[in-house]
1. Take the residue pairs Lys127/Lys213; Lys155/Lys200; Lys155/Lys235; Lys200/Lys235 and return only those whose Cα atoms are more than 26 Å apart.
2. Normalised by the residues of the range 127-192, what does the relative contact order come to in percent, with Cα pairs under 8 Å and at least six apart?
3. Need one word for the range 154-242: rounded, prolate or oblate. Basis is the Cα gyration tensor (sqrt eigenvalues a ≥ b ≥ c); a/c below 1.5 gives rounded, then a/b vs b/c decides.
4. Please report the relative contact order for the range 178-239, taking Cα pairs under 8 Å with a sequence separation of at least 6, and give it as a percent rounded to a whole number.
5. Over 10 Å intervals from 0, what percent of Cα-Cα pairs in the range 45-170 sits in each interval?
6. Just to verify a number: FRET efficiency for Lys155 and Asn256, C-beta to C-beta distance, R0 = 41 Å, to 0.05?
7. Tally Lys/Arg at +1 and Asp/Glu at -1 over every other residue whose Cβ is under 12 Å from the Cβ of Ile227; what's the total?
8. Using a 7 Å offset from the Cα along the Cα-to-Cβ direction at both Met219 and Ala81, what is the distance between the two label points in nm, to one decimal?
Amino acid sequence: MAREIATIEQELDQNITTVFDQPASSSSADWRLWRSIWAMAVWSLEKIMDIHQTVIENIISSKRYGTLAWYHERVMEFQGADEGQGFHGDQLIIDDSGRLVYQTIDESRRVLAQASLKESASGIAIKVAKFDGAELIQLDFAEQSALIQYLFNIKYPGTRITVTSLPADVFRYDMNIYYDPKYSSLEVQQNIESAIEAFKTSIGFDARFYKQKFIDHLMNVEGVETIRMNSLKVKTATADYVDVDVVHELESGYFNYQPLTGDLPSNITMINTTEI
């Protein structure tokens, strides 16, 4: 830890006679000026070394074998391809340092778009999804099997790992949008629909969907005076539609919405505030 400048100056004072036979006692003596310059230089160097040490310790901590940060990095490195004969993970080898790595490291062949890891007494639970265009989707059976085998090969001995990749949670909403009459109903609705889509990426992977935060997000749309959420329901891979009271833990880690058309659609009703 960097010492205080005054402490460094005191240490230099104790050695001043080794430099000057008869150092002047004046408060404006040249040696006092040089002492202050050197004290500042030493203090600056020690501060730089402190910052460097912190950076190195953070890197070591994140790279330490067996930590969640280490597992997350290795999970996201999972790669392979479907070359017409079904998906398979790429070949692993042991490099010169004894680390298990892909024989050919190719980021373009990486599979996963999102992953979350949680540690418990029973081991590490990993939740993953991949991209299909711009949409998150679940891994297929072959991809998930290859990922499990990959993790079995690289995991810390004795560590229990579970992998989950599920179809998106689906929210179905029915809301009244009360808008300022100086705005076009069509324009406000289009902006509401855009804001609804934007909310999907605003809360992060494997997060919580808060009903009130969803409403607050839509309230930021220009022209919206207030919103009445008549209903908000969610369907997951393990349960049919249920009401969202306050919050929903994303079972799959990500979500979509029931469309505004088709069977059991979501619904937006636009109401001019003059009609209230």
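Taken together, the values in this text are just the output of simple stated rules run on the coordinates, not laboratory data. Because the structure is a prediction, the values reported are computed rather than measured. Please note: Cβ atoms are built from the backbone with ideal geometry, for glycine as well, and neighbour counts cover all protein chains shown.
1. On the way: Lys127/Lys213 24 Å; Lys155/Lys200 32 Å; Lys155/Lys235 33 Å; Lys200/Lys235 15 Å.
Cα-Cα > 26 Å for Lys155/Lys200; Lys155/Lys235; rest within.
2. Values: 35 pairs, mean separation 21.5, N = 66.
Computed over the range 127-192, the figure is 33 percent.
3. Details: a/c = 3.61, a/b = 2.49, b/c = 1.45.
It is prolate, given that a/c is not under 1.5 and a/b is the larger ratio.
4. Working: 35 pairs, mean separation 29.2, N = 62.
For the range 178-239, the relative contact order is 47 percent.
5. Reading the bins upward from 0: 11, 38, 31, 14, 5, 1.
6. Values: r = 32 Å, r/R0 = 0.77.
Calculated transfer efficiency: 0.85.
7. Working: positive: Lys211, Arg228; negative: Asp174, Asp216, Glu225.
Overall, the nearby charge balance is -1.
8. 5.1
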